[in-house]
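Here the structure comes first, spelled out in structure tokens, and everything after it is commentary.
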Amino acid sequence: MPKYYEDKEEDGRACGGVKEDLRQCLLESPCVLRENKSPKQCLREGHCRSLQMTFFACKRSMLDTRARFRGRKGY
């Protein structure tokens, strides 16, 4: 379960919750902790792929004019 729903302060920016969860996922991944790689390198290697795709879909939906009616993707 994403940590966004637990006791966190509200981030008023669009896609803020997904971005925070992606950041936490990367920082807690074994790639960063054990192999001492940067989060950017781990993201390129495919870690936290589902959150990355959700974040991309959320950012893309901000540019979609139909989002005014359907709402933003993600959470």
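The values are calculated or read from the model by the stated rules, or taken from the named source; none is laboratory data. Because the structure is a prediction, the values reported are computed rather than measured. FYI the Cβ positions are ideal-geometry reconstructions off the backbone, even for glycines, and counts take in every protein chain you see. Heads up: the accessible areas ignore ligands, DNA and RNA and are worked out on the full protein's heavy atoms, side chains in. Shrake-Rupley method; radii C 1.70, N 1.55, O 1.52, S 1.80 Å.
A few comments on the model shown:
- A simple rule links phi to the HN-Hα coupling: the Karplus curve 6.51 cos²θ - 1.76 cosθ + 1.60 with θ = phi - 60°, which for region 13-28 gives 6, 5, 6, x, x, 5, 5, 5, 5, 5, 5, 5, 4, 5, 5, 9 Hz, with x for Gly and Pro.
- Relative packing of peptides 12-21, 42-51 - highest average C-beta neighbours within 10 Å first: 12-21, 42-51
- Between Asp64 and Ser50, the simple spin-label model (points 7 angstrom out along Cα→Cβ) gives 2.0 nm.
- Put simply, the amide H of Ala14, placed in the peptide plane, has no neighbours under 5 Å, leaving out anything fewer than 5 places away on its chain.
- With q set to 0.16, 0.20, 0.25 Å⁻¹, the log10 of I(q)/I(0) for region 16-62, from the Debye formula over equal scatterers at the Cα positions, is -0.40, -0.59, -0.84.
- Taking the protein heavy atoms of region 24-64 in the context of the full set of protein chains, the accessible area attributed to carbon and sulfur is 56 percent at 1.4 Å.
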